[in-house]
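Visitor: Structure below; questions to follow.
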């Protein structure tokens with residue numbers, strides 16, 4: 001098997017912990033030979049783990065991409081608003097690109113990245129990892145086999161989980177759309193993509209409602225300081241009290257914001273990083289709940305609900321067809337298929353990997369490497385061409401939400417935004 005070489009831009013959680021471990025676990029398939037990461041400690045740790053020379057460990061992506069092409073592929077996991085320029089430069093240099101989702105907070109940039117991938121005849125694959133999980137691929141197979149007839153409607157609930165919501169979207173990197181992306185794009189472009197994937201046809205119009213209802217100063221406990229460690233009177237009663245979570249059940253999450261996961265290391269990070277802030281006194285502005293209504297080309301509909309106030313972090317789905325229905329829970333790795341004629345119910349239990357996103361992180365890297373090795377032109381499973389369409393669903397949903405739920409025609413919205 002031909003070994004593929006790679007460079008990594010962004011050695012944060014997704015880059016270093018989701019995709020790069022493939023090179024350590026399958027060194028005969030993938031070798032990461034260079035990295036760009038601004039955080040010195042992360043850069044050094046990553047370079048040591050992957051035996052990258054100091055010459056090829058850079059503090060920013062511009063330094064790395066200023067060099068002639070070094071490898072077969074570029075894995076780009078910079079922050080959302082830093083995807084566009086390195087992606088275009090990598091494509092221009094001749095790299096096949098594996099790009100973390102979302103493509104960009106700008107629809108114009110998304111379309112341009114798709115165009116440049118075609119111009120340079122390179123793969124640009126977006127990390128819609130749900131497509132590569134056993135749960136969704138098995139469900140797609142049942143639908144394509146006609147087991148439930150034609151899809152009439154889908155209901156998909158994304159239960160974000162209250163602590164995941166607080167960690168990533170109130171205190172974390174995706175808490176403010178001005179520096180990252182709107183919630184529907186940053187968190188739920190996965191869901192827009194999986195709905196498009198399951199439905200298998202274009203979405204034509206959307207409407208959406210949602211708001212930042214809870215995580216704001218109006219709901220702060222009386223006397224709550226800016227930081228949890230500054231003597232919060234609600235320490236015993238607040239579910240989001242940072243030391244209780246990050247020194248307890250959420251200790252694994254602390255590794256996402258500090259390389260020193262000792263007791264003192266975590267406490268120091270809570271004193272100095274946004275992860276120690278009161279959730280009611282952060283600079284967050286993304287919604288904590290949102291619903292999206294969609295109509296597809298055939299007339300089929302879908303309803304998506306994202307909520308940050310759930311116990312479990314999972315997706316629950318119901319697919320309703322003319323001959324049967326599917327009900328499933330992703331966390332339970334199973335779904336039930338009901339046949340309306342026979343009234344038979346068949347429970348399908350999939351083998352879910354314990355690796356990231358139920359094996360989706362590994363699955364997309366494996367699939368991408370296979371596509372790179374055999375590339376003769378064309379698109380990948382989760383190509384930019386497919387991703388732009390589902391991204392437009394998210395952009396249109398946000399446009400609808402901020403305009404009071406006004407229905408948005410996606411084709412017209414697309415033409416207006418990208419000046420087609």
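Visitor: For region 341-397, give me each residue that is touching a strand residue (DSSP E or B) at 6+ places or on another chain (Cβ under 6 Å) and either under 17 Å from residue 188 (Cα atoms) or not in a strand (DSSP E or B) (or both).
Guide: 368, 369, 372, 380, 382, 384, 387, 393, 396, 397
Visitor: Residue under question is residue 257, and the condition is that it be outside any strand (DSSP E or B) and in contact with a helix residue (DSSP H, G or I) (Cβ under 7 Å, 6 or more places away or on another chain); does it hold? First the steps, then the outcome.
Guide: On the way: outside any strand (DSSP E or B): yes; in contact with a helix residue (DSSP H, G or I) (Cβ under 7 Å, 6 or more places away or on another chain): yes.
Answer is yes for this residue.
Visitor: Moving on to the next point. Here are some conditions: (1) surrounded by 15 or more Cβ atoms within 10 Å (Cβ to Cβ); (2) within 27 Å of the chain's Cα centre (by Cα). Residue 267 meets all but one. Which one does it not meet?
Guide: Status for residue 267: all satisfied but (2).
Visitor: What number goes with the only condition from (1) buried (at least 20 other Cβ atoms within 10 Å of the Cβ); (2) at pLDDT 95 or above that residue 346 does not pass?
Guide: Tallying (1) buried (at least 20 other Cβ atoms within 10 Å of the Cβ); (2) at pLDDT 95 or above, residue 346 fails exactly one: (1).
Let's see how each residue does on (1) assigned to a helix (DSSP H, G or I); (2) at pLDDT 95 or above:
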site: 131; (1), (2): yes, no
site: 141; (1), (2): yes, yes
site: 149; (1), (2): no, yes
site: 156; (1), (2): no, yes
site: 167; (1), (2): yes, yes
site: 180; (1), (2): no, no
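Visitor: Out of (1) in the same structural domain as residue 394 (by TED's automatic domain parsing); (2) in contact (Cβ under 8 Å) with a residue 60 or more places away in the chain, what's the single condition that is false for residue 101?
Guide: Evaluating residue 101 over (1) in the same structural domain as residue 394 (by TED's automatic domain parsing); (2) in contact (Cβ under 8 Å) with a residue 60 or more places away in the chain leaves (1) as the failure.
Visitor: Please verify whether residue 328 is without any contact (Cβ under 8 Å) to a residue 40 or more places away in the chain, out of contact with any helix residue (DSSP H, G or I) (no Cβ under 6 Å at 6 or more places or on another chain) and closer than 30 Å to residue 345 by Cα, treating the condition exactly as stated.
Guide: Numbers: without any contact (Cβ under 8 Å) to a residue 40 or more places away in the chain: no; out of contact with any helix residue (DSSP H, G or I) (no Cβ under 6 Å at 6 or more places or on another chain): yes; closer than 30 Å to residue 345 by Cα: yes.
When the stated conditions are applied, residue 328 does not pass them.
Visitor: What number goes with the only condition from (1) over 30 Å from residue 213 (Cα atoms); (2) out of contact with any helix residue (DSSP H, G or I) (no Cβ under 7 Å at 6 or more places or on another chain); (3) at pLDDT 90 or above; (4) buried (at least 18 other Cβ atoms within 10 Å of the Cβ) that residue 383 does not pass?
Guide: Status for residue 383: all satisfied but (3).
Visitor: Let me ask something else about it. Can you work out which of the residues in region 182-204 that are on the phi < 0 side of the Ramachandran plot, touching a helix residue (DSSP H, G or I) at 6+ places or on another chain (Cβ under 9 Å) and not in a helix (DSSP H, G or I) is surrounded by the fewest Cβ atoms within 10 Å (Cβ to Cβ)?
Guide: So the residue we want is 202.
Visitor: Could you pull out the residue among 57, 20, 47, 117 that is closer than 19 Å to residue 129 by Cα, surrounded by 19 or more Cβ atoms within 10 Å (Cβ to Cβ) and not assigned by TED's automatic domain parsing to the domain that holds residue 399?
Guide: On the way: 57 fails: closer than 19 Å to residue 129 by Cα; 47 fails: closer than 19 Å to residue 129 by Cα; 117 fails: closer than 19 Å to residue 129 by Cα.
Matching residue, one of 57, 20, 47, 117: 20.
The values are calculated or read from the model by the stated rules, or taken from the named source; none is laboratory data. No experiment lies behind these values; they were computed from the predicted model shown. Neighbour counts are summed over all protein chains in view; Cβ atoms, including those assigned to glycine, are modelled from backbone coordinates with ideal geometry.
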